[in-house]
Amino acid sequence: NNLLTSTIDIFREVIRMRRLKVLNLSRNKITQLNRFIENINNNNNNNNNILLNELQLDLSFNSINRIDEMAFGSISQSIVKLNLNNNELNQFQFGFLKRTKFENIKELQLDYNKIEYIPDNLLQSLSKLEHLSLKGNLIYSLQSEFSFYGLNLSLKKLNLASNKIVHISKRAFLHCSKLRELNLERNQLSTN
């Protein structure tokens with residue numbers, strides 16, 4: 001509940017906060033997460049060990065409609081929970097998930113955005129992701145067996161409630177062998 005419009009200066013300070021566990025930037029005026037270029041020549045920082053702790057980052061209830069593939073810099077290696085709920089994101093904004101090193105992310109929340117489908121292989125680099133929530137989006141179909149590719153050994157909870165899903169292919173969850181909880185309530189599924 002501030003008037004922040006950018007994350008660049010904040011992320012620059014976060015690098016110095018080695019004990020930081022939670023960063024809440026919710027309910028601001030952030031519309032874009034632009035490229036974050038770090039000063040790797042800083043003597044106090046070692047590029048391989050920027051943050052030692054697990055970081056929970058909350059960017060919910062902004063109006064984010066664009067995320068640069070380098071928006072998180074090396075901070076991404078420490079993020080265990082990323083909340084992007086209630087923004088303006090669609091399936092074309094998620095290139096950063098393929099190109100950024102979210103090596104330790106366990107929970108990704110993308111509720112109430114404008115996502116219409118899950119692009120193939122989008123999540124394959126998130127090998128530790130346990131909980132994915134896509135509630136309240138515009139997803140209409142789960143056709144591809146590669147939507148959840150790469151999550152075979154990690155994904156335990158998947159929330160697809162309150163979408164517009166009318167069809168789920170028989171192989172849609174092929175790469176979800178560890179899945180324990182699947183929420184499909186309030187969609188438009190039928191037996192026909």
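The values are calculated or read from the model by the stated rules, or taken from the named source; none is laboratory data. Note that the structure is a prediction, hence the values are computed from the model and not measured. Don't worry about glycine lacking a Cβ; one is built from the backbone with ideal geometry, like all the others, and counts go over all protein chains shown. The area values use the complete protein model at the heavy-atom level, side chains included, leaving out ligands, DNA and RNA. Shrake-Rupley method; radii C 1.70, N 1.55, O 1.52, S 1.80 Å.
Based on the Cβ-Cβ distance of Asn121 and Thr5, what FRET efficiency does E = 1/(1 + (r/R0)^6) give at R0 = 41 Å, to the nearest 0.05?
0.80
Take the alpha carbon atoms of the range 125-140, find their center, do the same for the range 1-37, and report the distance between the two centers in whole angstrom.
23
Extending each Cα 7 Å along its Cβ direction at Asn53 and Arg66, get the distance between those two points in nm, one decimal.
Roughly 3.3 nm, to one decimal.
How much FRET efficiency would the formula 1/(1 + (r/R0)^6) give for Lys128 and Glu13, where r is the Cβ-Cβ distance and R0 is 25 Å, rounded to 0.05?
Plugging the Cβ-Cβ distance into 1/(1 + (r/R0)^6) gives 0.45.
If DNA, RNA and ligands are ignored and the probe is 1.4 Å, what is the ranking of Thr31, Thr5 by accessible area, most exposed first?
Ranking Thr31, Thr5 by accessible area, largest first, yields Thr5, Thr31.
Could you tell me the calculated FRET efficiency between Asn90 and Val166, based on Cβ-Cβ distance and R0 = 22 angstrom, to the nearest 0.05?
E between Asn90 and Val166, to the nearest 0.05, is 0.70.
Could you check the simple spin-label distance between Lys157 and Arg186, using points 7 Å along Cα→Cβ, in nm with one decimal?
So the two model labels end up 1.7 nm from each other.
Using only DSSP helix segments of four residues or longer, with each worth -39500 (n - 2.57), what per-residue ellipticity at 222 nm results for the chain after dividing by its residue count and rounding to 500?
Result for the chain: -1500 deg cm²/dmol, rounded to the nearest 500.
Could you sort Arg171, Arg19 by their accessible area in this structure, using a 1.4 Å probe and putting the largest first?
Arg19, Arg171
Please name which of Ile115, Asn24, Asn90 has its Cα lying farthest along the dipole of the chain towards the positive end, using unit charges on Cβ (Lys, Arg +1; Asp, Glu -1) and the Cα centre as origin.
Final value for the positive-end residue is Asn24.
When the dipole is taken about the Cα centre of the chain, and only Lys, Arg (+1) and Asp, Glu (-1) are charged at their Cβ, what size is it in debye, to the nearest 20?
The calculated dipole for the chain is roughly 280 debye.
Give me the aspartates and glutamates in straight-line cross-link reach of Lys29: C-alpha distance below 14 Å, same-chain residues under 8 apart excluded.
Within reach: Asp58, Glu88.
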